[in-house]
1. In the full protein assembly as shown, how much of residue 9 is accessible to a 1.4 Å probe, in Å² to the nearest 10?
2. Between the alpha-carbon centers of the range 42-109 and the range 157-215, tell me the distance in whole angstrom.
3. Quick one: accessible area per residue over the range 3-262, 1.4 Å probe, rounded to a whole number of Å²?
4. Could you work out how far apart the two model spin labels at residue 258 and residue 47 are, taking each label as a point 7 Å from the Cα in the direction of the beta carbon, and quote it in nm?
5. Pull up the cross-link candidates among the lysines for residue 88, meaning alpha carbon to alpha carbon under 18 Å and not fewer than 8 places away within one chain.
6. Would you work out what percent of the accessible area of the range 3-262, with all protein chains in place, is carbon or sulfur (probe 1.4 Å)?
7. Any idea of residue 187's accessible area? Nearest 10 Å², probe 1.4 Å.
8. Suppose accessible area is computed on protein heavy atoms with a 1.4 Å probe; arrange 53, 142, 97, 91 from highest to lowest.
Amino acid sequence: MSVASFKKYITLALCSMQNTLAYRLSFILNFLASFIGLIAMYCLWQAVYTGRDQLSGFTWEQMQAYLLVTFFVNSMLSYYSESSISGKIIDGSVMMDLLRPIQFQKARLAETLGSCVLEGLLSCILIGTAAVFTLGISLPQDGVGMLQFGISMLSSIFVKFCIVYMSALLCFWTTSSFGIYWARTSITNLLSGALVPLTFFPGWLESLAMALPFQGIVNTPVRIALGMTGRAEAWQMIGVQWIWIILLWLLGRWLWSRAVRQITIHGG
């Protein structure tokens, strides 16, 4: 990538940050919805753990940390980023991107990372801080473990982006993005471990989930953050994340090459 191209992608990221700031009401509503969702999940699991010391190897303290880290990971790439990609396809503005000397996939990644800086990171700081003080949730303080968690969390953003990007491209064959969004969200939340830890699944379903890329979104960074893996195993899990990133990125490029054939231009 040339310096000029790199500057273009940086500009797109900055524009995405400005758009996030411009729609402050949407950000506040997302903040409140996320906070309510976090509290609801906390209360649900608190009731489940009543009278129990642990479930499937998770103590109540670990489950509290699990909920917080899961929220951290999921909030780093919100519906705003996903809808911005599908919106370009639905309203036809994707044609303008075809005229620009930039790759559509890289441009959308730049915009996603730009929105992550404000929408995702700020949500994590605000809601994470509130959760720590109000719910008594704490995370391990081991330096190496937290470093691995940081790398794994960054990797999870790329894994989720690749999945979101490909699901958004399906809008080339549909007239609405809502069905695709809800289907993608349901599958991702289930198989990533966002709803319940994968160890709670039946053996066959856990094995299936571990063989798919979705587990790299939540399960991997959460297990590393909770210290449920050794140092060597944590690096291996991060390596698996990047293998999926590369494969999904290439698959996304192939899907884009097929999708653009669906574009129909009207007018003279």
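The values are calculated or read from the model by the stated rules, or taken from the named source; none is laboratory data. Computed from a predicted model, the values in this text were never measured in an experiment. All Cβ positions, glycine included, derive from the backbone under ideal geometry; neighbour counts span all protein chains shown. Only protein heavy atoms, including side chains, enter the accessible area calculation; ligands, DNA and RNA are left aside. Shrake-Rupley method; radii C 1.70, N 1.55, O 1.52, S 1.80 Å.
1. Accessible area of residue 9: about 30 Å².
2. Using only Cα atoms, the two centres lie 10 Å from each other.
3. Values: 12830 Å² over 260 residues.
That works out to 49 Å² for each residue.
4. Distance between the two pseudo-spin positions: 4.4 nm.
5. Reachable lysines: 106.
6. Values: 8880 of 12830 Å².
The value for the range 3-262 is 69 percent carbon and sulfur by accessible area.
7. Rounded to the nearest 10, the figure is 90 Å².
8. Values: 53 140, 142 75, 97 10, 91 110 Å².
So the residues, ranked largest to smallest area, are 53, 91, 142, 97.
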